[in-house]
Amino acid sequence: MSLLETEDPRDHRLALGAGGLLHEFNEAGVIEAADVHVARRVTELAGETDETVALAVALAVRAVRGGSVCVDLTSVAEDSGLPELAWPATHAWLAALGASPLAGDPPVLRLLDDRLLYLDRYWREEEQVCADLLARPAPAPLTVEEESALEVALDRVFAAAGYDEQRAAARIALAQRTTVLTGGPGTGKTTTVAALLALLAEQAERSGGATPRIALAAPTGKAAARLQQAVEEEVARLPESDRTRLGTLTAVTLHRLLGPRPDTAVRFRHHRENRLPHDVVVVDETSMVSLTMMARLLEAVRPEARLLLVGDPDQLASVEAGAVLADLVEGLGARDDGRIAALRTSHRFGESIRRLAEAVRAGDADEAVALLEAGGEHVAFVSDPDPEPRLRALLAPRALDLVRAAERGDVEATLAILERQRLLCAHREGPHGVRHWNRQVERWITEETGEPIWSTWYAGRPLLVTANDYGLGVHNGDTGVVVRRGDGVLRAHVAGSTRRLDLATSRLGQAETMHAMTIHKSQGSQADEVVVLLPPPESRLLTRELFYTAITRARERVVVVGGPDDVRAAVTRRAQRASGLRRRLAQA
Ligand SMILES: Nc1ncnc2c1ncn2[C@@H]1O[C@H](COP(=O)(O)OP(=O)(O)OP(=O)(O)O)[C@@H](O)[C@H]1O
C-alpha cells in the first residue's frame, strides 16, 4: 500500500505534469502535489536542474507539513516505508545539495551535520532558539544570608510534609534564568509555580526591588484559563504575606502576551527591539508550543527576566512544526550548565489512571492492556465489536442533561455539565471520527427527546471555538454551549480565557459542535470523565503520544473504546519528529 493511497489517477494529491523523480515519489504517495509544486517552483527560480535536489526540497516541505522542522536524508528512505523507490544515494545526494544554488547566498536549503535538511526559515529559528536560550545569563549565586532566608521561605511555602520533589524543583529554578519544569498531570507543577512566584516576590522585596512583573501564558485560551484557575487555587493556599505580595495574577494566551499584529500571524508587537516588560514569564503547556512560537517568545523575553517553561514532554507536540519541549529536556538536560526541574509523583490521579498513563508513557503495551482489562473505578475498557450501545449509555445522558439545562436557561449548570465528560477521537472524518460521533450524539438526543434537531444552533449544543477573534474576545480552543435565554433567544456562552462571554450565535463565526472533539484539540483541557475512541491499528494518527495525551485529559475516570490490538498499536507507534534542536543545545 502506498503512503497516501493515491490509486485514483484524479487524486488531488497527484501533481499534474510532474515528471521524473518527483512524479515517481508523488505517485507512490511519499510527497503530495503541494510539495511537488513548491519543489518545482523553487528549483526553477534558482535555475536548479538536478532532480534529486528537487526531491529533497519536496521532502523538506513535506516534513514541515508533518510537524518536523527538517528531514533526515540518511533515514528518510527507511522511514517512508518505501525503501524500494529510486532514492538517491546519500553521499551523491548530499554532494548535489552542497553544490546547488539553493544552498548559496541567500540560502533556501540548509544542511546540519550532513544529515538534516532544512528550509532556511526553520534552520534560522532553531539556531535563534538555541542562541537565545544559551545567552541568558545565570543569576548571581545567593549569599549566605540569602541562602538561609531561602530555607525559611521554602519551609513557609511548602509547609506540609511530602513536598520534597517540589522543593528541589523550586531550588533548581531559583538558581537559573531559564528553567524547564516537567511533570505528568497532577505532579504539582502549578503548586511549584505558585510557590516559586512567592519566593521570587519575596527575594525582590528583600533586596529592596519592586514587586516583580509576572506574566502567565499558555498556547491556547483553554490552557490559559486552566492555568489562571490553578494558579489562583494554589496561591490561595499560601500564607497571607505571600498572597499579598503576589496580588492578582492573570493568565493570557501566548499570542496575546506577545501582542498580535493585524498584518502578520508570525510576528508580534514584542520582539528583540521591543521586549516584554515582565521580570518573570511562566509558560504552561509548553509541549504545545511550536518552534516558530518559541523563537518569537525567546526574542521577546528580556535576557535578565526569569523564564519558566512548564509542561509534559510525553504529550503530543505542537500542531505546527517542532517538538520544542522534548528537545529542550534532552538538549539542556545533556549540558552541565542547565538543569531540568522534573516532578514525578502524581498527587491527583486515582492510582489506576496513573498506572495506565505510566504504562503508555513507558511503551509497555502488555501492562496497558492488562490494566484496561482489569478495569476498576477509574478505568474502563469497552472492547465490544459494536461499541455503540455502550457508548450511548455513557454519552447520551450527559448530552440530554446539557439540553435540559440549556432549555432552562441555566448557564452555570450547562457550563459545569460540559466539564463532566469528553468524547475524544483521533480522527475528524470516518467512522471513528469527530464528525460521525457528533452526528451520532445528536441522533440520540433526537431519539430521546422526540424533537428533531433542525438547525446548527440548538439549546445544549456544545461549542468549540476554532479561530481567534480578538474583537469578540474568543480564542481558538475556547469551549462553550448554546443556552436559551428567558425570551426564547439562543445565546452562545463561551468560557473564554479570562472571562465568560454571552454572545449572539450569529457573531460566533468559527465554532464547531463539540459532543466529540479530536485529541489534538483536547490538549490543554481536562474533563472529569474522558471517553477515548481508538481508531484501528493501521491509523497513522494512532501513536503513543496521542494515546497518552488522551488518557491524561481525565480528572477522575477514563474509558478506552477499542480492541487490545488498537491499544497495542497505539502504545507501540511513536510520533517521530525530526529536529536538530536537541543536538544543537547539547553541543553548543
Ligand atoms: N506534594 C503534594 N502533596 C499533596 N498534594 C499535592 C502536592 N502537590 C500538589 N498537590 C495537589 O495535587 C493537585 C495537583 O497539583 P497541581 O495542580 O500543582 O499539578 P499539575 O502538575 O499542575 O497538574 P496538571 O498539569 O494536571 O494541571 C492539586 O490539588 C494540588 O493541591
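The values are calculated or read from the model by the stated rules, or taken from the named source; none is laboratory data. Only a predicted model underlies this, so the values are computations on that prediction, with no experimental measurement involved. Every residue, glycine among them, receives a Cβ derived from its backbone with ideal geometry; neighbour counts consider all protein chains shown. Only protein heavy atoms, including side chains, enter the accessible area calculation; ligands, DNA and RNA are left aside. Shrake-Rupley method; radii C 1.70, N 1.55, O 1.52, S 1.80 Å.
Sparsely packed loop sites in region 425-486 (the GluC sites (Glu not before Pro) outside DSSP H, G, I, E and B with at most 12 other Cβ atoms within 10 Å) comprise 429. A cut-off under 12 angstrom between Cβ atoms defines the neighbours of residue 421, and their net charge, with Lys, Arg +1 and Asp, Glu -1, is +1. Each label point was placed 7 Å from the Cα along the Cα-to-Cβ direction; for residue 574 and residue 393 their separation is 4.0 nm. Normalised per residue, the accessible area of the chain is 43 Å², obtained with a 1.4 Å probe and no contribution from ligands, DNA or RNA.
Could you tell me how far the Cα centroid of region 307-326 sits from the Cα centroid of region 63-92, in Å? Cα centroid of region 63-92 versus Cα centroid of region 307-326: 24 Å apart. Test of the criteria: in region 371-461, which chymotrypsin sites (Phe, Trp or Tyr not before Pro) are in a DSSP loop and have at most 12 other Cβ atoms within 10 angstrom of their Cβ? Filter output for region 371-461: 454.
The residue 506 and residue 587 beta-carbon pair, evaluated with R₀ = 60 Å, returns a calculated FRET efficiency of approximately 0.60. The length gained by stretching the chain between residue 82 and residue 347 to full extension, at 0.36 nm per residue less their Cα-Cα distance, is 90.9 nm. For the chain, the 222 nm mean residue ellipticity estimated from helices alone, with every DSSP H stretch of n ≥ 4 adding -39500 (n - 2.57) and the total spread over all residues, rounds to -13000 deg cm²/dmol. Seen from residue 286, the other residues with C-beta closer than 13 Å to its C-beta sum to a net charge of -4, counting Lys and Arg as +1 and Asp and Glu as -1. Stretching residue 204 away from residue 148 to a fully extended chain increases their span by 18.6 nm, per 0.36 nm per residue minus the current alpha-carbon distance. Per residue, the average separation of C-alpha pairs within less than 8 Å and at least 6 apart gives the chain a relative contact order of 14 percent.
The simple Förster model, with R0 at 22 Å and r as the Cβ-Cβ distance, assigns residue 449 and residue 420 a FRET efficiency of 0.70. Fully extending the segment from residue 131 to residue 213, taken as 0.36 nm per residue of separation minus the present Cα-Cα distance, adds 27.0 nm. Of the GluC sites (Glu not before Pro) found in region 352-394, the ones in coil according to DSSP and having at most 16 other Cβ atoms within 10 Å of their Cβ are 377. Region 38-55 to region 386-452: how many Å between their Cα centroids? When both Cα centres are located, 50 Å separates them. Between the alpha-carbon centres of region 203-257 and region 109-184 there is a gap of 18 Å. Under 5 Å between amide hydrogens, built in the peptide plane, is the criterion, and for residue 516 it picks out 438 among residues at least 5 positions away or on other chains.
Note on the chain: semi-axes of the ellipsoid equivalent to its C-alpha gyration tensor, largest first and rounded to whole Å, are 38, 35, 23. Here r is the Cβ-Cβ distance between residue 95 and residue 37 and R0 is 30 Å; the resulting FRET efficiency, rounded to 0.05, is 0.70. Here the accessible area of the chain is 50 percent carbon and sulfur, with a 1.4 angstrom probe and all protein chains present.
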